[in-house]
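Bear in mind these aren't lab numbers, they're just calculated from the coordinates by the rules spelled out. Everything quoted here is computed from the prediction, not taken from an experiment. Cβ coordinates were reconstructed from backbone atoms using ideal geometry, including for glycine residues, and neighbour counts include every protein chain displayed.
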Amino acid sequence: MRASKKVKSISAELAEPVASRQEVRCAVRFPLVLPAVVSAGESEMSAHTRNISASGALFELDSQLVAGSDIRFSLRMPGAVLGTPRDVLVHCLGRVVRCCLSQTQYLAAATIDEYKFAEQ
């Protein structure tokens, strides 16, 4: 009897509308608009970040990316943000977690699973 109550509460929680659930963030996002080059498979496209954190980025692009696909992207982080005397080129590997069409462009959220600073 007790187990059925627990099942009911779990199923009620699952029935809760997605919009009312809060998204959990792993890191603080910074509203940085930076040019980026994004590669997915054989395709390479220009993009801009809308925001970025240590664990991910939100891109604005002209083409749709498939959720779940692996991507590579490079961007130049401003020295002022990093506390370095010059800008730093960063190469990242990640995966698209979602992509949707906004008013004029696609918005793609991606994880940053690996990154390395380019030698300069």
Given unit charges at Cβ for Lys, Arg (+) and Asp, Glu (-), the dipole magnitude of segment 20-92 about its Cα centre in debye, nearest 20, is 360
In nm, the gap between the two label points placed 7 Å beyond Cα toward Cβ at VAL81 and GLN103 is 2.3
Quick calc of log₁₀ I(q)/I(0), segment 36-120, Debye, one scatterer on every Cα, no solvent, q values 0.10, 0.17, 0.24 1/Å, result -0.23, -0.65, -1.18
So, with points 7 Å from each Cα along the Cβ direction, the LEU93-VAL66 label distance in nm works out to 1.9
Per-residue Cβ contact counts at 10 Å, fewest first, order ILE71, ILE52 as ILE71, ILE52
Taking LEU107, LEU75 and counting other beta carbon atoms within 10 angstrom, the fewest-first order is LEU107, LEU75
